[in-house]
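Here's the structure we're looking at; comments come further down.
Laboratory data are not the source of any read-out in this text; all were calculated from the coordinates shown. All figures in this text were calculated on a predicted structure; none of them were measured in a lab. Positions of Cβ are backbone-derived with ideal geometry, glycine not excepted, and every protein chain shown enters the neighbour counts.
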Amino acid sequence: MFGVVIRMGNPVMDGGTAGRTLMGMADLLRPSAVRAAATLRLADHVAASSGNLEEMAERTGTRPELLDVLLRYLVDIGLFRRDASGQYGITDLGTPLLENSPESVRRHLSVDGLFGRADAALIGLTHTIRTGEPCHVATFGHGYWEAVNESPEFAEALQHADESGLSWDMETILESYNWSDVDSVVDVGGHNGTLLAELALRNPGLRGTLVDLTNVVEVARRKFSAQRLDDRCEAVVGSFFEPLPTGADVYLLSAILADWSDEQAVEILRRCAEAANPHGRVLLAEVNMPMHDAYLELWIRATMPAPVREVSELVALAERAGLRLTWEGPVTQVRSMLEFAPTTP
């Protein structure tokens with residue numbers, strides 16, 4: 001209510017130029033409206049329906065009168081235009097909201113997308129500053145990975161994740177470790193199967209099992225099938241907080257621990273140690289998130305509790321989980337490669 005009063009220029013509430021500037025900087029309506037447009041694919045629907053409101057409302061599953069309000073506001077901020085007959089069109093500024101635009105940012109901005117969901121949780125940033133914990137739980141009541149891996153609306157986003165190929169220095173995992181001596185690997189929390197598929201393609205004798213939650217397991221199964229790896233790679237639904245498949249040569253944890261607190265990281269490593277015992281190994285390919293500036297650091301810290309852990313810290317966590325260091329590989333700008341063995345026979 002007070003924000004509305006300030007915007008209307010109430011002489012008592014108006015804080016002057018600085019106050020109006022701060023109110024503009026803190027405005028939540030504009031980014032929310034842009035993200036609503038991205039989530040509803042409004043640009044594509046405008047293009048496909050020639051801007052007819054009733055047709056767009058039917059396509060988007062929205063109420064026509066409220067969709068009209070949203071579109072009129074998007075006209076006000078320059079993303080769409082409206083002609084004298086009430087038909088809507090897309091401006092140059094709104095073009096990146098088109099799915100097939102060379103500059104498309106629709107998936108990134110959509111709240112049904114992986115980045116969009118993380119961004120949406122930033123409303124709870126104060127929780128992170130106070131506690132050091134990711135703000136997703138404070139905002140939505142459950143964890144980020146729980147949401148994107150279990151909720152059906154994120155299945156499409158996970159399907160398209162990492163389509164461009166390997167990222168975050170995965171070549172270090174593929175090239176620095178001696179995979180020629182490995183017959184079987186369990187990719188613990190293996191996401192959509194990109195890494196495991198590439199391992200299998202480069203090592204024809206390797207058999208792999210991916211363990212992850214529902215949405216990404218379905219994506220991984222399709223990936224393995226498309227690459228004709230069904231006979232050597234499987235994806236099973238499971239959690240790394242629960243018992244893992246036993247008997248594999250290597251239990252791979254790639255970019256997993258940064259998303260979890262020390263206590264949770266120890267539990268994940270302990271599950272790997274239990275499954276690897278007595279002759280298996282646990283290969284930790286942990287990610288180190290580069291912190292270039294305060295903006296990026298705030299975003300990352302609001303998303304994950306431990307984006308940067310030194311090798312010594314990772315070794316200490318592994319020791320708490322019943323593992324001993326057996327090999328220390330390269331440490332790049334974004335990866336730390338460490339192999340462990342169970343300390344108990």
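May I ask you to list the residues of region 253-297 whose amide nitrogen lies under 14 Å from a point 7 Å from Cα along the Cα→beta-carbon direction of Ala316? Within reach of a label on Ala316, which here means backbone N under 14 Å from a point 7 Å along Cα→Cβ, region 253-297 contributes 262-263, 266.
Remark: the chain projects, on average over all directions, an area of 20.9 nm² (convex hull of Cα atoms). Distance between the 7 Å Cα→Cβ label points at Gln87 and Glu274: 6.4 nm. Ellipsoid semi-axes for region 116-250, based on the Cα gyration tensor and the rule √(5λ), read 30, 16, 15 Å when sorted largest first. Amide hydrogen proximity for Ala235: with H placed 1.01 Å from N in the peptide plane, the residues at 5 or more positions away or on another chain lying under 5 Å are Leu210.
As I understand it, the value is the acute angle between the Cα axis of helix 311-320 and the longest principal axis of the Cα atoms of the chain; what does it come to in degrees, rounded to 10? Once rounded, the angle reads 70 degrees.
The mean sequence distance of close C-alpha pairs (under 8 Å, at least 6 residues apart), as a share of the length of region 255-324, puts its relative contact order at 51 percent. Against the chain, whose longest principal axis is taken from its Cα atoms, helix 294-303 shows a tilt of about 70°. For region 204-219, backbone phi angles converted through the Karplus equation (6.51, -1.76, 1.60; θ = phi - 60°) give residue-by-residue couplings of x, x, 7, 10, x, 10, 9, 10, 6, 7, 3, 4, 6, 4, 4, 5 Hz, Gly and Pro being listed as x.
Taken one residue at a time, the phi angles of region 27-44 give Karplus couplings (6.51, -1.76, 1.60, θ = phi - 60°) of 4, 9, 5, 4, x, 5, 5, 4, 5, 5, 4, 5, 5, 7, 6, 4, 4, 5 Hz. Gly and Pro are set to x.
When you restrict to C-alpha pairs under 8 Å that are six or more residues apart and normalise by the size of the chain, the relative contact order lands at 12 percent. Between Glu267 and Ser225, the contour length at 0.36 nm per residue exceeds the alpha carbon distance by 11.9 nm.
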